[in-house]
């Protein structure tokens with residue numbers, strides 16, 4: 001698929017971890033698609049002229065999805081929990097949603113001192129499998 005989005009939204013979709021724009025939409029969209037930024041479109045190229053610029057993104061499906069389609073609701077839940085309070089550290093979120101054995105067996109303590117934007121997409125996919 002090739003789709004055009006408002007520039008700010010497109011930046012959030014393609015954002016990498018450890019950036020301010022990284023969030024739920026970055027993770028959820030990358031679970032099934034490889035997303036490439038193709039071109040920025042200036043608002044002057046439209047008539048009537050809108051108030052914002054646009055960006056064209058190309059979505060290519062992964063050969064094998066990063067998560068199972070049945071686990072997508074788990075990924076939505078975990079990203080909602082983590083990004084609901086984006087600037088807080090993860091310790092309470094992890095302790096509330098994972099039991100003691102899951103934390104110990106999967107070494108989830110390493111995420112305690114991090115914030116949600118410091119965890120990579122692949123790590124969120126792994127958390128989804130544990131949940």
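The values are calculated or read from the model by the stated rules, or taken from the named source; none is laboratory data. Keep in mind that this is a model prediction, so the values were computed, not measured. Here the Cβ positions follow ideal geometry from the backbone for every residue, glycine too, while neighbour counts run over all protein chains shown.
Looking at 59, 72 in this structure, which one is farther than 23 Å from residue 110 by Cα, in contact (Cβ under 8 Å) with a residue 40 or more places away in the chain and in contact with a strand residue (DSSP E or B) (Cβ under 9 Å, 6 or more places away or on another chain)?
From the options 59, 72, the qualifying one is 59.
Criterion first (without any contact (Cβ under 8 Å) to a residue 24 or more places away in the chain, farther than 27 Å from residue 20 by Cβ, in a helix (DSSP H, G or I) and not assigned by TED's automatic domain parsing to the domain that holds residue 19) does residue 92 satisfy it?
So residue 92 does not fit the description; no.
Considering the range 1-60 alone, what residues qualify as being assigned to a loop (DSSP other than H, G, I, E, B) and closer than 24 Å to residue 120 by Cα?
Scanning the range 1-60 gives 14, 15, 16, 17, 18, 19, 20, 21, 22, 23, 31, 32.
Select from the range 80-95 the residues that are surrounded by 13 or more Cβ atoms within 10 Å (Cβ to Cβ) and more than 17 Å from residue 125 (Cα to Cα) and write down the one among them that is farthest from the chain's Cα centre (by Cα).
95
Which residues, counting only those in the range 96-126, are exposed (fewer than 14 other Cβ atoms within 10 Å of the Cβ) and part of a helix (DSSP H, G or I)?
Once the filter is applied, which keeps residues that are exposed (fewer than 14 other Cβ atoms within 10 Å of the Cβ) and part of a helix (DSSP H, G or I), the range 96-126 yields 96, 100, 101, 104, 105, 109, 110, 122.
If you go through the range 71-85 one residue at a time, do you hit one that is within 20 Å of residue 17 (Cβ to Cβ) and not in a helix (DSSP H, G or I)?
yes
Can you tell me which of 99, 105 is in contact with a helix residue (DSSP H, G or I) (Cβ under 9 Å, 6 or more places away or on another chain), farther than 22 Å from residue 34 by Cα, outside the structural domain of residue 26 (by TED's automatic domain parsing) and without any contact (Cβ under 8 Å) to a residue 12 or more places away in the chain?
From the options 99, 105, the qualifying one is 105.
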